[in-house]
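In what follows, a structure is listed as C-alpha cells, so that the remarks can point back to it.
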Amino acid sequence: MSEYQKTGKVVVSAMKADVHPETARKYIEAARPPSELQAPHPWRTRPDPVSAIWPQAEAMLQEAPELEAKELFEYLRRMAGEEVAVEESALRTFQRRVQSWRLKHGPDQEVYFAQEHLPGQVMQLDWTNANQLRVSIRGKPLDHLLCQTVLTYSNWQWATRCHSESLLSLRHGLQESLYRLGARPARLQIDNSSAATHPVGSGGRAFNGEFLSLVAHYGMKAQTIGIDCPEENGDVESQNGHLKRRLNQHLLLRGYRDFESVEAYDQFLVQVLQQANQQRQGRLAEELKVMAPLPATRLTEYDELSCRVSQHSTIRVKKVTYSVPARLIGQEVRVQVYEGHLQIGHGREVLLRLARARGNRGAVIDYRHLIEHLLRKPGALAHYVHREELFPDATFRRAYDRLVADHGERAGQREYLLLLQLAAEVGEAAISTVVGELSGPGQRSAWTVVQLRSYLHLEGPPRVLDLELAPPNLADYDTLLSQEVSDVN
C-alpha cells in the first residue's frame, strides 16, 4: 500500500511487496492491512494429529512440567500401541502444543535482575578448564586450567595458566592481575571454592584464614556468592566462555596448537589478553581513577617446607615423592612449593627446580638423578618401587619390553639402563624416534645400545663401570698366608 501511494500502479507495487497482484488489489480496495482482513476462525482445517494422546500428555505435564516434548511424545506413542494411530511426523505439532500449554499453565521461570556496576568496586575471580583448546607442548597435550579475574564495570580481564583450584594458583592469579592493573578494587568476589572457603556446621561455608590474609594484604573486602548460584558470579562466568572462544580463534589463525614450551604458551595468552583489553580502555580509565594504590610489597607465591633427603635419594612433599641428586642424601633441604613447580635449596643456595606433580599422591622420579647408581646395581631395577616412573613415555616402555625379550631379563634390563643413560646425555627427543622404530612390531632383529650409539654417530662407548671381575689367582693367597706365618714366628 505504501508503494502504491508512490507509484499508483498495482502490478509494480505488488512486485516490490512480493505478493500476487490480485492479492494486492484486494488490500488496496479494502484500504485495510491483512491483519484486519484475516479474521480468526474457531474451526480446524484438518484433523488434529495428536488428539489421541494430548489429554494424557496434558495430565502428565501438570504432574511434571519439566518433561521435554520430544521424550513425552515418543513415550506416549509407545504406550498407545498400534491401535491408536499417531504419526511420527506429528512431532512438530506436538512440540508447538506443549509450548502453548507452558505459556498458559507452565511454572514461572527464574527472574534475573540486571545489576548496576560501579567503577572500581568489584573484581570477580574464577577458574575454568582450558583442555578443550587442545593445546600441546612439543606434541604432549597440556592439561591446565585458567585462573581468570574480571572487573565488573569495564570487563577488563586477566588470566594465568594453573594446574588446580588451589590457594597457590589463586594467589598467583590475583597478584598477576593486580600488578597488571597497578591498582586494587574495593572488593574481591569468588565462588565457594575450597581454595577460599571451608564448610561450617550450619551447612554454609566460611572464608579460610589464609585467603582472608591475602585479601586483607591488598586492602580489599572478600565476598562470596550463594552455594550453587554461579549466576551471581555472572561476569567472570561469561568471560570464561568468551576467553576460550577468543583463544580458540587465535589458535585457528595461528594454524597449529603446539608450542615449544609452556613459557611460549603463556606469552601467547598474554598477547591475546592484551589485545582483548585494548577495547576496554575507556571504561577502565574510569575505574583506575577511583581505585586505591597497591601495597609496596608483593606476597610470596609459594609455601616453604623443610625436608630431609632419604637414603633412596628422594624427598616427600605434600604426600608426593620426588627424586633429587644422590649427593643430597642425608641433608635437610628447603623446599619452596609453587603452584606448578618445586624449588629446592640449602641455606641461601638454590640447588634445583622440579616440576610439581598433579594431585596429592604418586611419585616424580627423574632417571637422571639415579641412572649412574642404577648402572652400578642393575639388579635393583627389577623390583624398584618406582620402576614405572623410569619410563619417560610409551616409547621407552616398549623399548624396555623389546630389550628384555631379545636379551633376557637381566641383560635386557642392563641394556635399558644404558638407554636411559644415553637419553640423559643427548636428550629424550634425540633418540625417541629411532628407539620407537627399532622397538616397533615390524622390527625382528635384536639391537643394543652400543649399536644405537653408532647409528647416532656418537663417539666412544657409554660411561659405565664394568662390573665383571676376573677369576682370582690362588697363588696370591699362598703368598699372603706365608707372610702371616712368618709374622707370627
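The values are calculated or read from the model by the stated rules, or taken from the named source; none is laboratory data. Because the structure is a prediction, the values reported are computed rather than measured. Neighbour counts are summed over all protein chains in view; Cβ atoms, including those assigned to glycine, are modelled from backbone coordinates with ideal geometry. Note: areas computed on protein heavy atoms with side chains; ligands, DNA, RNA excluded. Shrake-Rupley method; radii C 1.70, N 1.55, O 1.52, S 1.80 Å.
Taking into account only those residues within the range 191-206 that are within 20 Å of W127 (Cβ to Cβ) and open to solvent by 60 Å² or more (accessible area, probe 1.4 Å), which is nearest to the chain's Cα centre (by Cα)? Only one residue tops the list, namely S194.
So, in the range 431-442, of the ones that are in contact with a helix residue (DSSP H, G or I) (Cβ under 7 Å, 6 or more places away or on another chain) and of a type outside the set (A, V, I, L, M), which residue ends up modelled with the highest pLDDT? Filtering the range 431-442 for residues that are in contact with a helix residue (DSSP H, G or I) (Cβ under 7 Å, 6 or more places away or on another chain) and of a type outside the set (A, V, I, L, M), the one modelled with the highest pLDDT comes out as S432.
The C-beta contact set for the range 373-391 (first residue in contact (Cβ under 8 Å) with a residue 12 or more places away in the chain and within 12 Å of Q421 (Cα to Cα), second residue open to solvent by less than 90 Å² (accessible area, probe 1.4 Å) and assigned to a loop (DSSP other than H, G, I, E, B), distance under 6 angstrom, 6+ apart or interchain) comprises L375/V464.
Against the condition out of contact with any Ser or Thr (no Cβ under 7 Å at 6 or more places or on another chain) and open to solvent by 50 Å² or more (accessible area, probe 1.4 Å), how does R376 come out, does it pass? So R376 fits the description; yes. Here V364 passes the criteria (1) loosely packed, with under 13 Cβ neighbours inside 10 Å; (2) touching a residue at least 12 places away in the same chain (Cβ under 8 Å) except the one numbered (1). The set of residues in the range 236-256 being without any contact (Cβ under 8 Å) to a residue 60 or more places away in the chain, in contact with a helix residue (DSSP H, G or I) (Cβ under 9 Å, 6 or more places away or on another chain) and of a type in the set (K, R) consists of R246, R254. Restricting R25, R46, R77 to those that are of a type outside the set (S, T, N, Q) and within 24 Å of H105 (Cβ to Cβ) reduces the list to R77. Summed over the range 224-246, the residues that are open to solvent by 30 Å² or more (accessible area, probe 1.4 Å), among the polar types (S, T, N, Q) and part of a helix (DSSP H, G or I) give a count of 1. If you scan the range 257-281, which residues turn out to be out of contact with any strand residue (DSSP E or B) (no Cβ under 6 Å at 6 or more places or on another chain) and either without any contact (Cβ under 8 Å) to a residue 24 or more places away in the chain or hydroxyl-bearing (S, T, Y) (or both)? Hits for the range 257-281 are S261, E263, A264, Q267, F268, V270, Q271, Q274, Q275, Q278, Q279, Q281. Against the numbered list (1) at pLDDT 90 or above; (2) in a loop (DSSP other than H, G, I, E, B); (3) open to solvent by less than 60 Å² (accessible area, probe 1.4 Å); (4) not charged (D, E, K, R), H312 comes up short only at (3). Tally up the residues in the range 76-108 that are closer than 14 Å to A59 by Cα and either touching a Pro at 6+ places or on another chain (Cβ under 6 Å) or open to solvent by 50 Å² or more (accessible area, probe 1.4 Å) (or both), please. Result for the range 76-108: 4. Annotation note: of A405, A423, A429, the sole residue that is open to solvent by less than 60 Å² (accessible area, probe 1.4 Å) and among the aliphatic types (A, V, I, L, M) is A423. Among the residues making up the range 9-56, those that are in a helix (DSSP H, G or I), at pLDDT below 80 and open to solvent by 60 Å² or more (accessible area, probe 1.4 Å) are S35, E36.
Has the range 405-413 got at least one residue that is within 36 Å of the chain's Cα centre (by Cα), closer than 19 Å to H373 by Cα, aliphatic (A, V, I, L, M) and not in a loop (DSSP other than H, G, I, E, B)?
no
Residues that are farther than 15 Å from L146 by Cβ and loosely packed, with under 15 Cβ neighbours inside 10 Å within the range 247-266 comprise Q249, L252, L253, R254, G255, Y256, E260, S261, E263, A264, listed in sequence order.
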